[in-house]
């Protein structure tokens, strides 16, 4: 994958549409994701937020009969081009899921495994420590590295998953409602962590929590089901978070963020 | 607990209904308990029936009184080897004696072996009558009186038909000398071939169907047919095994290709053919169970692995398979349990019964179920006692194989 000169934008979509069989889940999305910023995707349930997010690292392909049209440019390269290997895409664009899903292995292995499959040749102990530090988990687990990752609390498991993602050194981290299964304290920790991570990574987060979007993100994309006969989601407004939450230009956005909708 | 909902206005009726609802629950509970109890009774009856046949009184009669063979007042138990050989020479035809000498020269045989030959070939104990455990326990006095009256020369003993000698001796045409050594070895070898073939093939097919195959009509058809194959009567597999492994692939299964032509081999009716036939029989079972086990691995784990940039194969090998192994092994236990008890397909494939040598994979074969089937079909009571003993051996063999698999399974589950 080549890198273009204009590196302000890390991901750009052009007329992106995503289908599940004949069903068009997401239609005509045109977004430009800024490097080293946090971009939030908000919107009511079932409008295709997660589908859009998963199209950025081709995780959608795990659903049988799903396909995409249009373009997703990552550093100027179309992710859906024929010669692009999804394994490389996922190596460079990592993902954290809604429900913490550590491997049923030791904490150490959770971090090391991804690096090892990529043939990482450096000092593994160092990589594990650095990744856990970056995920703000090191102090809590440094003495129990060889215990099961499943023995941790939900919030710790989610930070372990973030550490696992960081360990393979991606450029973008996709987060699909990463705090929705966590209590407020664990949620706060994840949000602080995101603030830290954005210095080195670009983060795209799907969230149902309006306050969370307002707190952590720099840009916000508002998704809705498009008008018309097909129940197909699209981005109706994309702007700085500040603007979306204070003076949105679309009436539907205003209704949604002020709680008058859905 | 008072509510003024109009639908429940009649509080009395609610109470009546409540009692009825609880009563229905109690009745169902009793029904479920009864089915459990009936199951336990059936199993106990089965086990008692087997044990009933495996122990009891036996009256032996010797064709030649061992006392008459004594030399200079020394009983044959205490005679040295040379005199025992001499007894054999005098009492056997010269042809039979030379044949024994040709098999293993007498001076190379142990004394015990020669003594056994004297007992087997000259003294020749025969079972005149045998009794079940129940008869032996309840009518002991009558049995003893009857033996003294009817068979004055007979020796009455209370024996366990299952004993060390029974397990160590090969099959024989005389009940007193018959054992299950060859049948045990035959069963173990056959099962070994079955597992070695069916396990990798079955798990491989399951991985392909669950992890790789697309959900199209062809693959759905394949899946449906595998489910149907699991229900095909086992004798059909026997016919298939006969046609393919014995007839078509006879050169392979008889070992001729590998240059190991066993003089006892009757074409392709070998342990290998039997094992392959049973492998075909249990393959659908292993595939279905492995598919279930793979399906039970949460999708989130696959996503986690793929999202760090692992390939599909790395995901399957490092995460999906390790998590499915306990389920796969459970399925294999069921499959092996089925295979080890199969009789019908092996009869069709051409099991022999009288095998007096230790089998290898290219030799004729017999297995425990075959042996049991043959013995129960004979009219004399003593064979049925032997069959009961063989059934106990089969049960113990089955339980120990399963125990091994369960230990393996628990070890693989324990990791995390």
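Would you mind telling me which numbered condition in (1) surrounded by fewer than 18 Cβ atoms within 10 Å (Cβ to Cβ); (2) outside any helix (DSSP H, G or I); (3) assigned by TED's automatic domain parsing to the domain that holds residue B:379 residue B:268 fails?
Just one mismatch for residue B:268, condition (1).
Given the conditions (1) touching a residue at least 40 places away in the same chain (Cβ under 8 Å); (2) within 17 Å of the chain's Cα centre (by Cα); (3) farther than 21 Å from residue B:355 by Cβ, report the number of the one that residue B:399 does not fulfil.
Going through (1) touching a residue at least 40 places away in the same chain (Cβ under 8 Å); (2) within 17 Å of the chain's Cα centre (by Cα); (3) farther than 21 Å from residue B:355 by Cβ one by one, residue B:399 breaks only (1).
Looking at B:322, B:345, B:369 in this structure, which one is within 14 Å of chain A (Cβ to nearest Cβ) and in contact (Cβ under 8 Å) with a residue 24 or more places away in the chain?
Numbers: B:345 fails: within 14 Å of chain A (Cβ to nearest Cβ); B:369 fails: within 14 Å of chain A (Cβ to nearest Cβ).
Answer to the selection: B:322.
Residue under question is residue A:171, and the condition is that it be in contact with a strand residue (DSSP E or B) (Cβ under 8 Å, 6 or more places away or on another chain), more than 9 Å from chain B (Cβ to nearest Cβ) and surrounded by fewer than 21 Cβ atoms within 10 Å (Cβ to Cβ); does it hold? Step through it out loud before you land on a result.
On the way: in contact with a strand residue (DSSP E or B) (Cβ under 8 Å, 6 or more places away or on another chain): yes; more than 9 Å from chain B (Cβ to nearest Cβ): yes; surrounded by fewer than 21 Cβ atoms within 10 Å (Cβ to Cβ): yes.
It is true that residue A:171 is in contact with a strand residue (DSSP E or B) (Cβ under 8 Å, 6 or more places away or on another chain), more than 9 Å from chain B (Cβ to nearest Cβ) and surrounded by fewer than 21 Cβ atoms within 10 Å (Cβ to Cβ).
Counting just the residues of the range A:59-91 that are touching a strand residue (DSSP E or B) at 6+ places or on another chain (Cβ under 7 Å) and under 18 Å from residue A:201 (Cα atoms), which one comes out nearest to the other protein chains (Cβ to nearest Cβ)?
The extreme case among them is A:74.
So which of A:24, A:49 ends up being modelled with pLDDT under 90, within 19 Å of residue A:224 (Cβ to Cβ) and touching a strand residue (DSSP E or B) at 6+ places or on another chain (Cβ under 7 Å)?
On the way: A:49 fails: modelled with pLDDT under 90.
The conditions single out A:24.
When the residues of the range A:97-119 are narrowed to those that are under 17 Å from residue A:146 (Cα atoms) and outside any helix (DSSP H, G or I), which ends up nearest to the other protein chains (Cβ to nearest Cβ)?
Only one residue fits best here, namely A:104.
Among the numbered criteria (1) at the interface with chain B (Cβ under 9 Å from one of its Cβ atoms); (2) under 27 Å from residue A:217 (Cβ atoms); (3) surrounded by fewer than 21 Cβ atoms within 10 Å (Cβ to Cβ); (4) in contact (Cβ under 8 Å) with a residue 40 or more places away in the chain, which single criterion is violated by residue A:35?
Single failed check for residue A:35: (1).
Among (1) within 14 Å of another protein chain (Cβ to nearest Cβ); (2) without any contact (Cβ under 8 Å) to a residue 12 or more places away in the chain; (3) on the phi < 0 side of the Ramachandran plot, there is one condition residue A:181 misses while meeting the rest; what is its number?
Here residue A:181 meets the rest and fails (2).
Of the conditions (1) under 25 Å from the mean Cα position of the chain (by Cα); (2) at pLDDT 90 or above; (3) closer than 23 Å to residue B:340 by Cβ, residue B:226 satisfies every one except a single condition; which number is it?
Unmet for residue B:226, out of (1) under 25 Å from the mean Cα position of the chain (by Cα); (2) at pLDDT 90 or above; (3) closer than 23 Å to residue B:340 by Cβ: (1).
Looking at the range B:290-303, can you tell me whether even one residue there is touching a residue at least 12 places away in the same chain (Cβ under 8 Å), touching a helix residue (DSSP H, G or I) at 6+ places or on another chain (Cβ under 7 Å) and facing chain A (nearest Cβ under 8 Å)?
Yes: the range B:290-303 contains one or more residues that are touching a residue at least 12 places away in the same chain (Cβ under 8 Å), touching a helix residue (DSSP H, G or I) at 6+ places or on another chain (Cβ under 7 Å) and facing chain A (nearest Cβ under 8 Å).
Residue A:204 - would you say it is in a strand (DSSP E or B), modelled with pLDDT of 90 or more, within 21 Å of the chain's Cα centre (by Cα) and surrounded by 17 or more Cβ atoms within 10 Å (Cβ to Cβ)?
Values: in a strand (DSSP E or B): yes; modelled with pLDDT of 90 or more: yes; within 21 Å of the chain's Cα centre (by Cα): yes; surrounded by 17 or more Cβ atoms within 10 Å (Cβ to Cβ): yes.
Judged against the criteria, residue A:204 is a match.
The values are calculated or read from the model by the stated rules, or taken from the named source; none is laboratory data. Bear in mind that the values here come from a model prediction, so they are computed numbers and not experimental data. Please note: Cβ atoms are built from the backbone with ideal geometry, for glycine as well, and neighbour counts cover all protein chains shown.
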